[in-house]
Amino acid sequence: MSSRRLKIIRKIGYTGNIFGLEFMCPGIRPLPGQFFQVRVDGGVDPFLNRPISIASYKRGRLLLVIKIVGRGTKMLSLKKQGEYLTLLGPFGRRFRPKKMRSLLIAGGIGVAPLHFLAEYFVKSNTHFDLLYGVSTSKDFIMRRDFLRMSDKSMFVAEKGYKKKDTVVSAMKKVRLDDYGAAYACGPKQMLIELQKLDVPIPVYALCEDFLGCGCGLCLGCAIMYRGEYKRICVDGPIFELGEIDFEV
Ligand SMILES: Cc1cc2nc3c(=O)[nH]c(=O)nc-3n(C[C@H](O)[C@H](O)[C@H](O)COP(=O)(O)OP(=O)(O)OC[C@H]3O[C@@H](n4cnc5c(N)ncnc54)[C@H](O)[C@@H]3O)c2cc1C
Ligand code: FES
């Protein structure tokens with residue numbers, strides 16, 4: 001793990017509350033599913049770093065895509081091109097993509113780490129489709145990228161879109177025999193509902209739950225997995241969905 005002070009070379013406004021920060025960060029080999037701990041630069045408040053997944057890494061350009069949900073992400077959104085941020089990482093175990101036709105299942109900002117996985121699939125010549133759902137159509141981001149990279153992209157929104165649906169109910173209409181594995185990221189409730197579908201293929205989920213220390217010490221991110229406690233920050237954030245016990 002290392003800490004880097006990196007210059008923001010581009011800031012992208014995707015929607016009113018989702019933005020991207022691009023940094024020049026050559027010489028690292030990040031893998032899909034990994035994340036950085038971003039220091040908010042507000043002194044001791046907020047004290048904890050904010051975990052943000054890698055959304056893209058190409059020719060040394062690192063992209064983080066962030067949704068404003070509270071104080072830390074709001075402060076990050078005020079950063080401007082040319083300013084600096086401290087990033088620690090990359091952390092976490094990566095997705096272990098299988099070389100078989102895959103389905104990416106994204107809910108809301110969960111699409112960001114799946115974008116990096118999609119780049120990986122393109123590089124490794126692995127075919128994949130995307131199912132991507134948001135609350136309102138204004139929340140869609142990176143659609144053009146996915147249309148370019150995937151074989152097929154299915155978009156659904158609960159409001160304001162021609163295909164009104166949730167990711168979970170749209171999943172029920174997908175022919176899963178076409179895929180060897182699925183990779184999901186989205187709100188916890190989406191993962192819980194997906195798990196209940198008990199699909200016949202392995203689903204690997206990226207859990208974006210709360211982190212405390214982010215380095216395995218505080219146990220604040222523990223989840224029950226295969227009958228034992230695992231820490232999202234060091235044992236995850238990727239877990240096989242069917243093996244998570246969300247009730248503990
Ligand atoms: C491994 C990992 C990867 C992540 N990747 C991304 C990413 O790529 N892009 C991104 O935008 N976010 C990502 N997140 C979530 C992000 O870290 C949190 O949204 C952020 O830390 C919130 O900080 P804050 O100070 O703005 O909010 P806080 O002030 O800490 O909280 C504000 C509100 O948001 C809710 N909240 C905070 N964190 C979470 C969370 N993790 N899940 C659900 N609700 C939360 C709280 O309940 C509270 O109501 C990731 C989280 C993890 C663990
Ligand atoms: S956040 Fe402290 S152990 Fe994971």
Once you list every other residue whose beta carbon is under 15 Å from the beta carbon of residue 187, what net charge do they have if Lys and Arg are +1 and Asp and Glu are -1? -2
Suppose every K and R has +1 on its Cβ and every D and E has -1 on its Cβ; what is the size of the dipole of the range 141-196 about the Cα centre, in Debye to the nearest 20? 280
Can you tell me the dipole magnitude for the chain around its Cα centre, using point charges on the Cβ only (Lys, Arg +1; Asp, Glu -1), in Debye to the nearest 20? 1100
Overall Cα dimensions of the range 2-93 - principal axes, largest extent first, Å: 30, 26, 23
Taking H as built 1.01 Å from N, whose amide H comes closer than 5 Å to the amide H of residue 204, not counting residues under 5 places away? 182, 183, 184, 241
The range 60-83 and the range 159-198: distance between their alpha carbon centers, rounded to Å: 28
Calculate the spin-label point distance for residue 174 paired with residue 219, positioning each point 7 Å from the Cα along the beta-carbon direction, and give it in nanometres. 3.6
Compute the distance in nm between two label points, each set 7 Å from the Cα along the Cα-to-Cβ direction, one at residue 69 and one at residue 83. 2.2
Straight-distance crosslink candidates among lysines, where the alpha carbon sits under 23 Å from residue 164 and sequence neighbours closer than 8 are dropped: 67, 138, 152, 172, 173, 188, 196
Contour excess over end-to-end distance, with Cα ends at residue 245 and residue 124 and 0.36 nm allotted per residue: 40.3 nm
Of all the Cα-Cα pairs you can form in the chain, what percent are over 21 Å apart? 57
What dipole magnitude, in Debye to the nearest 20, does the range 102-208 give about its Cα centre under +1 on Lys/Arg Cβ and -1 on Asp/Glu Cβ? 420
Mean residue ellipticity at 222 nm from the helices of the chain, using -39,500 (n - 2.57) per DSSP H segment of n ≥ 4 over the full residue count, to the nearest 500 deg cm²/dmol? -5000 deg cm²/dmol
Considering only the other residues whose Cβ falls under 15 Å of the Cβ of residue 53, what net charge follows from Lys and Arg at +1 and Asp and Glu at -1? 0
Per-residue HN-Hα couplings for the range 148-158, Karplus 6.51 cos²θ - 1.76 cosθ + 1.60 at θ = phi - 60°, whole Hz, x for Gly and Pro? 6, 8, 8, 6, 8, 10, 10, 10, 9, 9, 6
Please label the shape of the range 102-208 as rounded, prolate or oblate, based on the square roots a ≥ b ≥ c of the eigenvalues of the alpha-carbon gyration tensor (a/c under 1.5 means rounded; beyond that, a/b larger than b/c means prolate, else oblate). rounded
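Rule-based calculations on the coordinates, nothing more; no lab input. Note that the structure is predicted; figures quoted are calculated from it, not measured. Using ideal geometry, Cβ is built from the backbone for each residue, glycine included, and neighbour counts are taken over all protein chains shown.
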